[in-house]
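Q: Sharing a structure with you now.
The values are calculated or read from the model by the stated rules, or taken from the named source; none is laboratory data. Owing to the predicted nature of the structure, the values given are computational and were not obtained by experimental measurement. All Cβ positions, even for glycine, are placed from backbone atoms using ideal geometry, and neighbour counts span all protein chains on display. Side chains included, ligands, DNA and RNA excluded: accessible areas come from the protein's heavy atoms. Shrake-Rupley method; radii C 1.70, N 1.55, O 1.52, S 1.80 Å.
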Amino acid sequence: YEMKGVNAKLKYSEMTQIAAEYAETQSSEFRGFRSRDGGVTFNSISMNLSDSRKASAVSVEGFINAGDIVSSQEDVTVNFWASEIEKGFQNTSKEFAEDQTNLEIDVTKEFGSESELALAYKYHDEENIMKRERVSGIYAKSISNDETVSVEIANETEETSLGKGRANLAGLKYNKEFKENSNVYVFGQTTFNAKNSYANNDRVGVGANYE
C-alpha cells in the first residue's frame with residue numbers, strides 16, 4: 001500500500017500544545033508467487049485490484065494548561081485526543097475493517113503536589129461492531145515520595161450486536177515508582193448496577209513499566 005500525509009503542530013508554551021495529522025492510504029496491487037513445477041521454483045506475479053482501496057484518517061491531540069489563559073488556574077490541565085478513520089485505512093500494524101471514531105477528553109486539577117482530581121470522557125465507535133461511552137472521575141493521592149493510590153468511579157454504556165447495556169464501575173489502583181519512567185502497579189475493578197446486555201467487567205491485575 002501507499003501512504004501520504006501531512007501534520008502540523010501549534011506550540012503556545014511547554015504546557016499548551018496542539019497537533020493535527022491527516023493521512024491517506026491506497027492499495028491497488030496484489031503481489032504473490034506462482035509455481036509451474038510443483039513448488040520447485042516460483043515466479044513473481046502481480047495483479048491490479050478492480051476496486052482500488054483508498055481511505056483516510058485524521059487526528060487532533062493536545063494539552064492545554066489553564067494558566068496560559070487565566071494565570072490563577074495554572075493547576076488545571078486539559079488533555080484531548082480525537083480521530084476519524086475510514087474503513088480500509090492501513091498502517092504498519094493493521095487494516096481497519098470499519099469506519100472508526102474516537103474521542104478522549106480529561107480535565108485534571110492538582111491540589112498541591114500530593115493529590116489531584118480528574119474528570120474524563122471517552123467515546124469509541126466502531127461502525128457495525130461496537131459503540132462505547134465512558135464518563136469517570138479519578139482521585140489520586142500520594143502516600144509517599146514514590147507511592148500513589150487512586151480511586152475511580154465510572155459510568156459506561158456499551159452497544160453491540162447483542163444490544164445496549166449500561167453499568168457503574170469502581171476501581172482501586174496502587175502504584176510504586178522505582179525510578180523515572182519505571183513503575184509497578186496493582187489494580188482491581190468491580191461492576192455494579194449492570195443493566196440489559198452489559199457483561200460484568202470485574203478484574204484484578206498486576207503490571208509494570210520499565211525504561
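Q: I'd like the full set of residues that are open to solvent by less than 40 Å² (accessible area, probe 1.4 Å) and among the acidic types (Asp, Glu), limited to the stretch 133-173.
A: Glu156, the sole residue that qualifies.
Q: Right, another one. Quick one: how many residues across the stretch 185-205 are open to solvent by less than 70 Å² (accessible area, probe 1.4 Å) and modelled with pLDDT of 95 or more?
A: Selection size over the stretch 185-205: 7.
Q: Of everything in the stretch 172-211, what is outside any strand (DSSP E or B), over 15 Å from Ala154 (Cα atoms) and under 20 Å from the mean Cα position of the chain (by Cα)? Give them in sequence order.
A: Across the stretch 172-211, the qualifying residue is only Asn181.
Q: Would you be able to say whether some residue in the stretch 104-127 is open to solvent by 40 Å² or more (accessible area, probe 1.4 Å), under 24 Å from Glu152 (Cβ atoms) and among the β-branched types (Val, Ile, Thr)?
A: Yes, the stretch 104-127 has at least one match.
Q: Could you run through the stretch 68-81 and say how many residues are modelled with pLDDT of 90 or more and either polar (S, T, N, Q) or crowded, with 16+ Cβ neighbours inside 10 Å (or both)?
A: So the count comes out to 5.
Q: In addition: Output the qualifying pairs, or none if there are none: Cβ atoms under 8 angstrom, residues six or more apart or on different chains, first residue in the stretch 46-66 and farther than 12 Å from Tyr1 by Cα and polar (S, T, N, Q), second residue at pLDDT below 60 and open to solvent by less than 30 Å² (accessible area, probe 1.4 Å).
A: Cβ pairs passing all conditions: Ser46/Gly32.
Q: Also, quick follow-up: Quick one: is Glu14 modelled with pLDDT under 85 and open to solvent by 100 Å² or more (accessible area, probe 1.4 Å)?
A: In short, no.
Q: Then there is this: Quick one: which of Val6, Val58 is modelled with pLDDT of 90 or more and either in contact with a Ser or Thr (Cβ under 6 Å, 6 or more places away or on another chain) or open to solvent by 90 Å² or more (accessible area, probe 1.4 Å) (or both)?
A: Val6
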